[in-house]
1. Could you quote the convex hull projected area for the stretch 97-178, Cα atoms only and averaged over all directions, in nm²?
2. If you line up the long axis of helix 15-25 against the longest principal axis of the chain, both from Cα atoms, how many degrees apart are they, to the nearest 10?
3. Which order do the peptides 172-183, 137-148 come out in when sorted by mean C-beta neighbours inside 10 angstrom, highest first?
4. For the Cα atoms of the chain, what angle does the longest principal axis make with the long axis of helix 37-47, in degrees from 0 to 90, nearest 10?
5. Which of 131, 114 has the fewest other C-beta atoms within 10 Å, and how do the rest follow up to the most?
6. Using the 2.2 N^0.38 Å rule of thumb for compact globular proteins, work out how the stretch 1-49 stacks up: its C-alpha Rg over that value, please.
7. Using all C-alpha to C-alpha distances in the chain, build P(r) with 5 Å bins and read off the rounded percent in each one.
8. Given the DSSP H assignment, sum -39500 (n - 2.57) over each helix run of at least 4 residues in the chain and divide by its residue total; what's the result at 222 nm in deg cm²/dmol, nearest 500?
């Protein structure tokens, strides 16, 4: 029996890379998916022989099938999907455009639907699997200056609940991770140079939480998990 396969959609240098590293360390083969092939392939190269990068546009339904077919051929059937792709405009209803709303929904919600549809048949054939969707505080609390992003994330969270209720009885564990806080990235450190280390969420620690969800016994599955540094107001 080969190693289980984890697909990370939205594999940038922060959380996406951390997810890939964690699952490789846990004995998985990992497919890292992002729009820019050179960048995602470089991340995969850092993770070793059990990681590969694939050019993938989360909202391009026409090409999704061919990418996931390559993953199945090269790595094996997908056991775990981590949907980490996300974008959004932080604007009020007055300042935002219709395109802001549509683009946010397409990346956060439609893209998730597209990816899930690629892995369902294989998970059903195997009798189970894991789908972890990465959310945000905006999914449960719409800020005045986050109308497009909050509405897209709320739709994503509702989708996750629907998937969990339908797919749980089939042995497919669907979970939603609400990230509440600022992630420790180079760009956030530049933007917030006076913040102490404990202000930030560490990608490796978020990855630990995500992997934990995929290792839970079926009698005690978690659907929704929020993660935040201790200093974050909530």
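1. Computed as one quarter of the Cα hull surface, the answer is 5.1 nm².
2. Between helix and principal axis, roughly 30 degrees.
3. Per-residue mean Cβ counts within 10 Å order the peptides as 172-183, 137-148.
4. Here the helix axis deviates by roughly 70 degrees.
5. In increasing order of surrounding Cβ atoms, one gets 114, 131.
6. 1.03
7. 1, 7, 14, 18, 21, 18, 12, 6, 3, 0, 0, 0
8. -13000 deg cm²/dmol
FYI, it's all coordinate maths here, none of it is from the lab. Values in this document were obtained by computation on a predicted structure and should not be read as measured data. Methodologically, a virtual Cβ is constructed for each residue, glycine included, from the backbone with ideal geometry; neighbour enumeration extends over all protein chains shown.
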